Amino acid sequence: MAMARTMTLLLVAAALVVTSCGAWKVNIRMPTVAAMDDAMAPLIHALRPLLGSGRHAGVPCDSWRLGVEAYNVRDWKAVPASCEDYVGHYMLGSHYRRDSKVVIDQAIAYVDSLKLAGNGKEVWVFDVDETTVSNLPYYAKHGFGATPFNVTSFNAYAQEGSAPALPETRRLYNKLLSVGIKPVILTGRAEYLRASTATNLRRQGYSGWMTLLLKAPGFKGSSLAFKSSERQKLQDAGYIIVGNIGDQWSDILGAPEGARTFKLPDPMYYIG
Ligand SMILES: [Mg+2]
C-alpha cells in the first residue's frame with residue numbers, strides 16, 4: 001500500500017514538473033519519497049553560481065572575466081577578492097598568452113589583407129600598459145588587481161622602466177615596421193613618465209615609433225576622451241589609422257577609433 005502511494009505521488013509530481021516548469025527542469029531519477037524534494041528541484045539550483053564577492057556576489061570568476069572582456073561589466077574598482085587566485089593563474093599560466101596570441105594572429109592576418117598606400121601616412125596606435133609591456137611583476141605583488149589601484153606605487157614601478165614586453169604584441173609591432181606602417185604609442189601614463197617609458201620600450205625591443213604620446217599635466221578628462229582626441233589630431237594631420245590595439249575598451253572606443261581595433265585581454269583592472 002505504502003509503495004503504491006509512493007509511486008502515485010512520484011507520477012503526480014513528475015506530471016506537475018513537466019507541465020509547469022518546462023523540460024529543462026525535469027530531474028526525476030530517485031524512486032523514494034525522500035527524493036521528492038530533489039526530484040521537484042529545478043536543475044538551475046545545481047548551476048547556482050558559487051563564487052564571487054562584493055557587488056559581484058555569486059558570479060563565478062570565469063563568467064566575471066568574460067563579462068569584463070566583453071565590456072558588459074564596467075566601472076569596476078578591483079578584481080573580486082575571491083577571484084584573485086583565478087586571475088593570478090590566468091595571467092601567469094598559459095591561458096593569457098594563448099588568448100593574446102589569438103588577438104595578434106588576427107591582427108597580423110588583417111595587416112596581410114591590407115592594400116597599403118605606402119605613403120608614410122599609415123599608422124597603428126599602440127597602448128603601453130598590458131599592451132606593449134606587461135606589469136605583471138607589479139600586479140603579482142598587488143593581488144592581481146584584487147587590491148585597489150594605487151597610482152603612487154604604480155608610477156614608482158613605472159619609473160623603473162623594468163616592465164617586460166608582451167611578446168605577442170612585439171611580434172605585431174615588428175610586422176608593422178616591416179610593411180611600412182608607423183607605430184604610434186599612445187598611453188594614459190603621465191607626461192613625466194616619458195623618459196622611463198621610452199627607455200622601458202627600447203629595453204624590451206621596441207624601436208622606431210613615429211611618436212610617443214602621454215597625458216599632459218593637468219588633463220582632467222577620461223582616458224577614452226584623451227585617447228580619442230589624440231587620434232583625432234593624428235587624423236587631422238593627414239594620418240590614416242589602419243589599426244589600434246589596447247587592453248582597455250577605453251583604448252579602442254571613441255571616434256576616430258581606427259579602421260580596425262583589437263582588444264587584448266586584461267582581467268586585472270578597468271580604466272574608463
Ligand atoms: Mg593598457
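Just so you know, all these numbers are worked out from the coordinates, no wet-lab data involved. Here the structure is a predicted model, which is why all the values come from computation and not from measurement. Because the Cβ atoms are built from the backbone with ideal geometry, glycine has one as well, and the counts that use them run over all protein chains shown.
Normalised by 2.2 N^0.38 Å, with N the number of residues, the alpha-carbon radius of gyration of region 79-263 equals 1.02.
The three principal axes of the Cα atoms in region 118-167 give end-to-end lengths of 46, 18, 18 Å, sorted in falling order. Going by a ≥ b ≥ c, the root eigenvalues of the Cα gyration tensor, does region 213-272 fall in the rounded group (a/c under 1.5), the prolate group (a/b larger than b/c) or the oblate group? Oblate shape, in that a/c is at least 1.5 and b/c is the bigger or equal ratio. If R0 equals 30 Å, the separation of the Cβ atoms of T152 and V179 corresponds to a calculated FRET efficiency of about 0.15. Remark: spin-label model distance L66-A81 equals 2.7 nm, labels positioned 7 Å along the Cα→Cβ axis. The gain in end-to-end length when the H95 to R171 segment is fully stretched comes to 25.5 nm, 0.36 nm per residue minus the alpha carbon separation. Taking a threshold of 26 Å on the Cα-Cα distance, which of the pairs K182/K215; K175/K227; K77/K263; K182/K227; K182/K220; K77/K141 fall above it? Cα-Cα > 26 Å for K182/K220; rest within.
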